[in-house]
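The values are calculated or read from the model by the stated rules, or taken from the named source; none is laboratory data. Bear in mind the structure is a predicted one, so any value in this text is a computation, not a measurement. Glycine also receives a Cβ, built like all others from the backbone with ideal geometry; neighbour counts cover every protein chain displayed. Just the protein is used for accessible areas: all its heavy atoms, side chains included, with ligands, DNA and RNA removed. Shrake-Rupley method; radii C 1.70, N 1.55, O 1.52, S 1.80 Å.
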Amino acid sequence: MSFSATDAAFEGFRVVRRHPVTALIWGLAYLVLYVATFGLGAGQWAAIMASAQTLEQSSNPSPEEMMALGQAYMGLLVWLAPLGLVIGAVLSAAVARSVLRPAENAWGYLRLGMDEVRVFAVTLAIGVIVGLLCGVLSAIVVAVFGLGVASGQAVMYLLALILGLAAAALVIWLSIKLCLAVPMTIDRRKFTLFESFKATNGQFWPLLGMAIIAVIMSLIVSILGTIISAGTDLATGGISVLAGMDGLSTLDVLARAWPAILVWSVVNALMSALQLAVLYAPFSAAWQGLRDR
C-alpha cells in the first residue's frame, strides 16, 4: 500500500478542522511556554532586543556588539532550550497521536508518559545525527573554499560549490529517511529510529514532495501570523518596546510591557499551534498510509 503525497500534505488542516478545540489546547501549551519565557527572562529579552536594535542601526557593527548579542542569546538558551525540547516532544507526540490514535482525544491528545519520553529521545537522536553530519560537511566545504582563497585557483571555488550542493542533498536525503521515526515511535509504542529507513524505501520523492507542500503551507500560515501581528503591534507596540527597557529587572519589564508581551504571546501561540499541525501531521498520515505495505 502506498500513499498520496498531496493528500497527506494537507493532513494538518484536516486535524484542525476535525478537532478545533484540540488546536486551541495546543495553542495554550505554546502560550504557557511563551509566558514562562518572558516571565522568567523578560530582562534578558530586553537585553537581546536592545542589542539587536543597536546592530540594525550600525552600518559597521563591532565585534563587541556582536558578542553582546550572542551572550544575551546564550544566557536565555541555557534554560529555554531544554524547556522547548520537552514541550516540543509533548506536542509532536500529540500531533502523531491525533492522526494514528484518533480515539485518544482527551486533553487535546496531550500526555506526559513513556510515549513522550521516547519521542524526546528520538527527536534528540535525529538532531544529533543531522547536526553532526551538517557540521562535518560544512567543515569540508569551508576547507575546500579556504584552499581556493589561499591558492587563487578558480577550480577550487567550483569544487566547493559542487560539494556544498552535494552536502545539502545528502542532508535532505537523510532527513527524509528519518522523517517517519516519530510517528512510528508513537504507533509502535517503542523507540524507533533507523526502522524509518526501511519504511521510506522507494518513497523518497513522494515524501520530499509532501514535505515541500507542508513547508509552503506553513509559510502561508506564517505570513498570516505576520499580518495579524502587525495589526496588534500597532496597538501595543509589540515586543520591540523591550529594547528601551534594557537594564531593568524582570519584574520592572513585566510591569511596563505586559500588554505587549501578552498579546504577542497569544497571537504567536495560536499561529504556532496551527503550524505544528500543518508541518507534523503529514508525516503521521504518510506512515499511516505506508505501514500496511
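Of note:
- Contact map, region 213-230: first residue farther than 13 Å from Gly12 by Cα, second residue among the hydroxyl-bearing types (Ser, Thr, Tyr), Cβ cut-off under 9 Å, separation 6 or more or different chains; pairs are Gly225/Ser272.
- Hits in region 276-293 (condition: part of a helix (DSSP H, G or I) and either open to solvent by 50 Å² or more (accessible area, probe 1.4 Å) or among the charged types (D, E, K, R) (or both)): Leu279, Tyr280, Gln288
- All positions within region 242-266 that are hydrophobic (A, V, I, L, M, F, W, C), open to solvent by 20 Å² or more (accessible area, probe 1.4 Å) and in contact with a Ser or Thr (Cβ under 8 Å, 6 or more places away or on another chain): Val263, Trp264
- Among the residues of region 199-222, just one is hydroxyl-bearing (Ser, Thr, Tyr) and open to solvent by 40 Å² or more (accessible area, probe 1.4 Å), namely Ser222.
- Residue that is least open to solvent (accessible area, probe 1.4 Å), among those in region 109-126 that are under 18 Å from Trp26 (Cα atoms) and in contact with a Lys or Arg (Cβ under 8 Å, 6 or more places away or on another chain): Tyr109
- Flag for Trp173 being on the phi > 0 side of the Ramachandran plot, open to solvent by 80 Å² or more (accessible area, probe 1.4 Å) and not basic (Lys, Arg): no
- For region 178-188, the count of residues that are in a helix (DSSP H, G or I), touching a Ser or Thr at 6+ places or on another chain (Cβ under 6 Å), among the hydroxyl-bearing types (Ser, Thr, Tyr) and closer than 24 Å to Trp26 by Cβ is nonzero.
Residues are listed down the side, and each one gets a yes or a no for (1) of a type in the set (Val, Ile, Thr); (2) at pLDDT below 85; (3) more than 21 Å from Val130 (Cα to Cα):
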| residue | (1), (2), (3) |
| --- | --- |
| Asn201 | no, no, no |
| Trp205 | no, no, no |
| Val241 | yes, yes, yes |
| Trp258 | no, yes, yes |
| Leu274 | no, no, yes |
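- Single residue of region 1-53 satisfying the filter (modelled with pLDDT of 90 or more and among the hydroxyl-bearing types (Ser, Thr, Tyr)) that is farthest from Met245 (Cα to Cα): Thr22
- Considering residues of region 20-29 that are open to solvent by 40 Å² or more (accessible area, probe 1.4 Å) and in contact with a helix residue (DSSP H, G or I) (Cβ under 8 Å, 6 or more places away or on another chain) only, the residue nearest to Ser249 (Cα to Cα): Leu28
- Summed over region 138-163, the residues that are outside any helix (DSSP H, G or I) and open to solvent by less than 90 Å² (accessible area, probe 1.4 Å) give a count of 1.
- Residue match in region 179-198 (condition: among the hydroxyl-bearing types (Ser, Thr, Tyr), within 26 Å of Ser272 (Cα to Cα), open to solvent by less than 50 Å² (accessible area, probe 1.4 Å) and at pLDDT below 95): no
- Number of residues in region 217-275 that are within 19 Å of Thr37 (Cα to Cα) and among the hydrophobic types (A, V, I, L, M, F, W, C): the value is 23.
- Candidate set: region 223-239, residues that are assigned to a helix (DSSP H, G or I) and surrounded by 15 or more Cβ atoms within 10 Å (Cβ to Cβ); chosen: the one modelled with the lowest pLDDT: Ile239
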